[in-house]
Amino acid sequence: MKMDKWLLTLVFGLLTLGGCSARVVTVSPGPLIRVEGQPVSIRCDVKEYSGPREQDFEWMTSREASGTRTKIISTFDASYSHPSISKRVASGDISVVRLKDNEVELKIAEVKSQDAGLYWCQTPSTDSVISGNYEAQVQLIVIPNTLSVSPQTPPQEVPEGSEITLSCNVTRALTHPTYLSVSWSLKNGATTEEILTFGPQGDVVTGAKFARRYADGGIRLVPGRNGVFELVISRVTTSDGGTYECNGTEWTHENGGKWIKIVENAKEMGTVKVIPTGQSLSVKASSSSSPSSTSQLLSPGDTLTLLCSVTADNLQALALEVTWLAGERDIVTMERSGVVISNTSSSGAQGKRGEASLERTGAGEYRLGVKGVSAEEGGEYTCRVRAFIDKGGRSEGGGRRWHMASEKKSSPVTVKVSQIKPSYTVNLEPVLNPQMTAEPTELACHVTNITHLPLGGRLGVTWEHTTLPGIGDDPQTSHRIGSLDGNGNLLPGSMYSDRLKSGAMSLTRVQPNTFKLRILRTQEIDMGQYVCTVSAWSVSSQGDMVETTEYNSSPTTVRWDTKRPTLNVVAKRIREASVGGATFEMSCTVTTENLGEAGYSVLIQSQESLESNVRTIMTLSPDNVLQHGGATDPNRRDSLVLTKSGPAEFRFRLAGVQLSDRGYYWCDITAWTKQQPGQTWTKATSAESNKVRIDFQENGPSFSIAIQSDDTSVYPSKTAKMECSLSVSGSSPKTDDLAYEVRWFFTRLRGGQTTTQVASVDRFGIVKAEIRNSSSEISIERIDTHTYLMNIFGTQDGDSGEYYCVATPWYLSASTGAWTQAGELTSSRIFLTVQFAVWDSLQLPLLYGAAASLGR
């Protein structure tokens, strides 16, 4: 028996030395300090085991280490629990939750004081060899819940820009080493945002929305004594309104460095409403002489003094920007920093705006002063206030961060400035009065007897024109030509804008009290009545020129006896075209009356007969731009010439006239005038000349033909030559304008009627030889324009007979410009004899004899 035990021990030791794993069971590090009535969780896991992957666990407890263990709960045995605990297990107050195959958690929903003690976690063995530990122990300490949270109710309403102090007392009875933290949150509707948490390690954690405000000092934590903590929120805005809550938490710091929250208590502190600045902000403007009055009457040169009073519940927390407005225009502003800015006028000139001053006379009291007022300073004055709250901290640019809480305007104060208007007399007289169209006009507007025009005042003028009856518009309607304002700016009227901009008409100030209207080339439409209206302008305290009064002159009439310009055009033939191909030339001379310097446009027109349609051949503009009309053949444009041969003379030339050119020709001339160089032409009058006729008859050329040969009798194998000559009489065309189509015919019998064509050449020079029975060859060559030579090479007996030629002339007609076929011409006949019979009779016997001798 002893030997067996020794062997068993030896085997177990060898297995252990051989590297077998040892089971390790661990639980949460303790001791665990928990608060009575709070949930408790104790974890247990097993490692380095063998057997099934899923392990079972058993929990036991005892008040002391040496005391009897009480079974609590098991993962595999439902009846494992001790009767004193089974009811709590059945109710779910005590449970075990499997987290992994090798890990579980013991949970107590509401821990009781009697639950304090030692807890063991056991794992039944599934190992083949007993090794390691099979249970682990942890101590649970249950302390009473002594955490107390007592907040102080904040004010229900606070003005925007002030501060809120949130005071909260958090305490607990210190029986074991536990720690406290306190936090504040803000609830708006369904959204709750964390503001700040202090503890448990003495650190501060801020919510995302409040982090920058805490860093900028807008939120401060003030720890007090005996568990009192204060959170101060300064420079509040409307977004800081809502329900505030204080939360106290008790913590324990367990082995392993983990902070465990063991109990917390949250209390609602109360609802705070932030009153917007706009609800209490009040702005009132008044006269300094009578604070209750909303109007003030001044004389020119007086000093205007107005007061702006600002009140608000949180005035001491506001930074104000105060601006005085005249109408809708800012005149002076005091910024938040106290810097005063005097604004410029709309024209950019400072003028007298520097006379305006603004000063702070007390809390919320501001005084405006404007020295040396004039009538232009009259109107409604308003005080505008913008209230800002310092958000704390610095912006990205380094400046302070501001929030504009509200903007308000006061009711207006009406300021009236009495003034004596300037007085003067206006006279209008003509300097240059036109006697006919296109002559210049000049009118002078004089201002005299000027009184009460203030220092720096100026005069302006407006010119108006009313047309005469029957000319232009209704004579009762006046049209503004243009005006010069107090700054000398030209403001043209819509109808005269182009003429004023081009310089054809001008408005000038030649002296401080004299204005002139000039028209370079007066037209009939310019006749009528003219009136000049002179306006007085003065400088306002804002530096702007404003109109104060105006006086009209008596009307002055401009008119003359109108003489219509007339135009007479005479056409004269310079060269007459009597035959086709000749050149036609005519001149057109212009004479005028009641027309000054003018330009002319010319239309060359024609018609076949006096009843036929009119065609436009060519045009020449007043600027000498030449264009061809639609009736011009594009191929003949080089034959057409239209030029200006003198100041009032034009010449038209047509080269190579044709039958289609016959008809009547004349000039249609229009006279044009300009107001001044560079302007567009204006039509004055127009006229047509007398008509010049082109008329000739077509007489084409006459042709004749002849045939000849130097030798009409030839020996066989020789060359026979025959010439076909043509001649032209009458209007002979040019060489390049003439061509012939020539054919040769042959008959064996003298005077025979049956003929055969032997060769031909067309008018393009292409030669064609016909197929014949003879072995001779035929060629045709052109000797000159009118002569063609036929050669018969290697004549034979079969070439004997009569020959003649037939020609068809073609010529380019000068009258029509087209190739024309003339009548066919036939020459006389000549007989060619080939002396072949005697020679043939002698030749054959000799050939026979020679052949016989060779045969022997």
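Brief remarks on what is shown
- For the range 198-254, residues that are in contact with a Leu (Cβ under 6 Å, 6 or more places away or on another chain) and among the polar types (S, T, N, Q) total 1.
- Residue match in the range 343-352 (condition: surrounded by fewer than 16 Cβ atoms within 10 Å (Cβ to Cβ), modelled with pLDDT under 80 and at positive phi): yes
- Count of the range 371-412 residues which are buried (at least 18 other Cβ atoms within 10 Å of the Cβ) and touching a helix residue (DSSP H, G or I) at 6+ places or on another chain (Cβ under 6 Å): 3
- Residue list for the range 88-134, filter: among the charged types (D, E, K, R) and surrounded by 15 or more Cβ atoms within 10 Å (Cβ to Cβ): Arg88, Asp93, Glu103, Glu105, Lys107, Asp115, Asp127
- Those residues of the range 229-248 which are of a type in the set (Ser, Thr, Tyr), modelled with pLDDT of 90 or more and either on the phi > 0 side of the Ramachandran plot or open to solvent by 10 Å² or more (accessible area, probe 1.4 Å) (or both), in sequence order: Thr243
- Residue within the range 203-210 that is assigned by the TED database to the domain that holds Glu254, out of contact with any strand residue (DSSP E or B) (no Cβ under 9 Å at 6 or more places or on another chain) and part of a loop (DSSP other than H, G, I, E, B) present: no
- Matching residues, the range 165-219, being of a type in the set (S, T, N, Q) and surrounded by 14 or more Cβ atoms within 10 Å (Cβ to Cβ): Thr165, Ser167, Asn169, Thr171, Thr178, Ser181, Ser183, Ser185, Thr197, Thr206
- Failed criterion for Val46 (all others in (1) open to solvent by 20 Å² or more (accessible area, probe 1.4 Å); (2) part of a strand (DSSP E or B); (3) of a type in the set (Val, Ile, Thr) hold): (1)
- Subset tally (residues that are among the hydroxyl-bearing types (Ser, Thr, Tyr) and either assigned by the TED database to the domain that holds Asp544 or closer than 20 Å to Thr548 by Cα (or both)) for the range 374-420: 3
- Any hit, the range 624-639, residues being over 22 Å from Asp737 (Cβ atoms), at pLDDT 90 or above, of a type outside the set (Val, Ile, Thr) and open to solvent by less than 30 Å² (accessible area, probe 1.4 Å): no
Residues checked against (1) among the acidic types (Asp, Glu); (2) in a strand (DSSP E or B); (3) more than 30 Å from Ile830 (Cβ to Cβ):
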{"residue": "Lys644", "(1), (2), (3)": "no, yes, yes"}
{"residue": "Val657", "(1), (2), (3)": "no, no, yes"}
{"residue": "Ala671", "(1), (2), (3)": "no, yes, yes"}
{"residue": "Lys683", "(1), (2), (3)": "no, yes, yes"}
{"residue": "Ala687", "(1), (2), (3)": "no, yes, yes"}
{"residue": "Arg693", "(1), (2), (3)": "no, yes, yes"}
{"residue": "Ser717", "(1), (2), (3)": "no, no, no"}
{"residue": "Val728", "(1), (2), (3)": "no, yes, no"}
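- Only one of the listed residues (Ser309, Ser337) is of a type in the set (S, T, N, Q) and either assigned to a strand (DSSP E or B) or touching a residue at least 24 places away in the same chain (Cβ under 8 Å) (or both). That residue is Ser309.
- Comparison of Thr323, Thr311 shows that the only residue that is polar (S, T, N, Q) and closer than 14 Å to Ser411 by Cα is Thr323.
- Whenever a residue of the range 765-788 is at negative phi, its partners that are open to solvent by 90 Å² or more (accessible area, probe 1.4 Å) and of a type in the set (Lys, Arg), lying with C-beta atoms within less than 7 angstrom and at least six residues away or across chains, give the pairs Tyr788/Arg782.
- Test: residue in the range 562-581 that is farther than 28 Å from Ser813 by Cα, within 54 Å of the chain's Cα centre (by Cα), assigned to a strand (DSSP E or B) and not aromatic (Phe, Trp, Tyr): no
- Residue ID - farthest from Lys273 (Cα to Cα), chosen from residues in the range 140-163 that are part of a strand (DSSP E or B), open to solvent by less than 30 Å² (accessible area, probe 1.4 Å) and touching a helix residue (DSSP H, G or I) at 6+ places or on another chain (Cβ under 7 Å): Leu140
- The number of residues in the range 750-769 that are modelled with pLDDT under 85 and either open to solvent by 50 Å² or more (accessible area, probe 1.4 Å) or out of contact with any strand residue (DSSP E or B) (no Cβ under 9 Å at 6 or more places or on another chain) (or both) comes to 3.
- Residue match in the range 821-831 (condition: farther than 30 Å from Phe696 by Cβ, part of a loop (DSSP other than H, G, I, E, B), modelled with pLDDT of 85 or more and open to solvent by 40 Å² or more (accessible area, probe 1.4 Å)): yes
- Matching residues in the range 143-160 - criterion: being in contact with a Gly (Cβ under 9 Å, 6 or more places away or on another chain) and of a type in the set (A, V, I, L, M): Leu147, Val149, Val158
- Some residue of the range 171-180 being touching a Cys at 6+ places or on another chain (Cβ under 8 Å), among the aliphatic types (A, V, I, L, M), touching a residue at least 40 places away in the same chain (Cβ under 8 Å) and more than 25 Å from Asn314 (Cα to Cα): no
The values are calculated or read from the model by the stated rules, or taken from the named source; none is laboratory data. Keep in mind that this is a model prediction, so the values were computed, not measured. For neighbour counting, all protein chains shown are included, and Cβ atoms are generated from backbone atoms with ideal geometry for every residue, glycine included. These area figures cover heavy atoms from the full protein model, side chains too; ligands, DNA and RNA do not enter into them. Shrake-Rupley method; radii C 1.70, N 1.55, O 1.52, S 1.80 Å.
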